[in-house]
Amino acid sequence: MAAARRTALRTYIDTEGTRIFVRGTAANGVLTMTGTAPLQSGEPMMTRVTWTRTATGTLEQVWDVSRDDGATWSFDQKLVYVPV
């Protein structure tokens with residue numbers, strides 16, 4: 001019998017109605033999710049989002065994109081969540 005697999009799912013919708021569906025799993029304290037988003041040309045672009053808790057207690061969310069089906073990744077943006 002296969003072990004149960006926990007998969008996280010998330011949907012993002014921007015102000016223009018573009019939807020990004022990502023899914024992934026957590027390992028070693030890092031949640032990594034990937035999905036595909038359309039470019040303005042209609043061509044698909046892969047998106048990878050990782051969440052990592054830092055030693056100072058913040059949570060970093062890093063977005064990377066790939067235009068070659070995940071062979072290479074480029075940094076897109078980083079958000080830092082600070083507890084209040």
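The values are calculated or read from the model by the stated rules, or taken from the named source; none is laboratory data. None of the values given here were measured: they were computed from a predicted structure. A quick note on method: Cβ atoms are made from the backbone with ideal geometry, for glycine too, and the neighbour counts reach across all protein chains shown.
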Starting from the range 53-65, keep only residues that are under 8 Å from Tyr81 (Cα atoms), then list their pairs with residues that are surrounded by 12 or more Cβ atoms within 10 Å (Cβ to Cβ) and of a type in the set (Val, Ile, Thr) whose Cβ atoms are within a distance under 6 Å, requiring at least 6 positions of separation or different chains. Glu60/Thr52
Do you know which residues across the range 52-75 are exposed (fewer than 14 other Cβ atoms within 10 Å of the Cβ), in contact with a strand residue (DSSP E or B) (Cβ under 8 Å, 6 or more places away or on another chain) and not β-branched (Val, Ile, Thr)? Arg53, Asp69, Gly70, Ser74, Phe75
Of the conditions (1) touching a strand residue (DSSP E or B) at 6+ places or on another chain (Cβ under 7 Å); (2) surrounded by fewer than 10 Cβ atoms within 10 Å (Cβ to Cβ); (3) at positive phi, the single one that Asn28 does not satisfy is (1)
Per the filter on the range 47-75, residues in contact with an Asp or Glu (Cβ under 9 Å, 6 or more places away or on another chain) and either hydroxyl-bearing (Ser, Thr, Tyr) or farther than 23 Å from Asn28 by Cα (or both) are Thr47, Thr50, Thr52, Thr54, Arg67, Ser74
Options Thr52, Thr11, Thr32; residue that is in contact with a Leu (Cβ under 8 Å, 6 or more places away or on another chain) and not in a loop (DSSP other than H, G, I, E, B): Thr52
For the range 66-84, which positions are touching a residue at least 24 places away in the same chain (Cβ under 8 Å) and hydrophobic (A, V, I, L, M, F, W, C)? Trp73, Val82
Over the range 37-52, the set of residues charged (D, E, K, R), at pLDDT 95 or above and over 12 Å from Phe21 (Cα atoms) is none
Has the range 12-28 got at least one residue that is touching an Asp or Glu at 6+ places or on another chain (Cβ under 8 Å) and among the basic types (Lys, Arg)? no
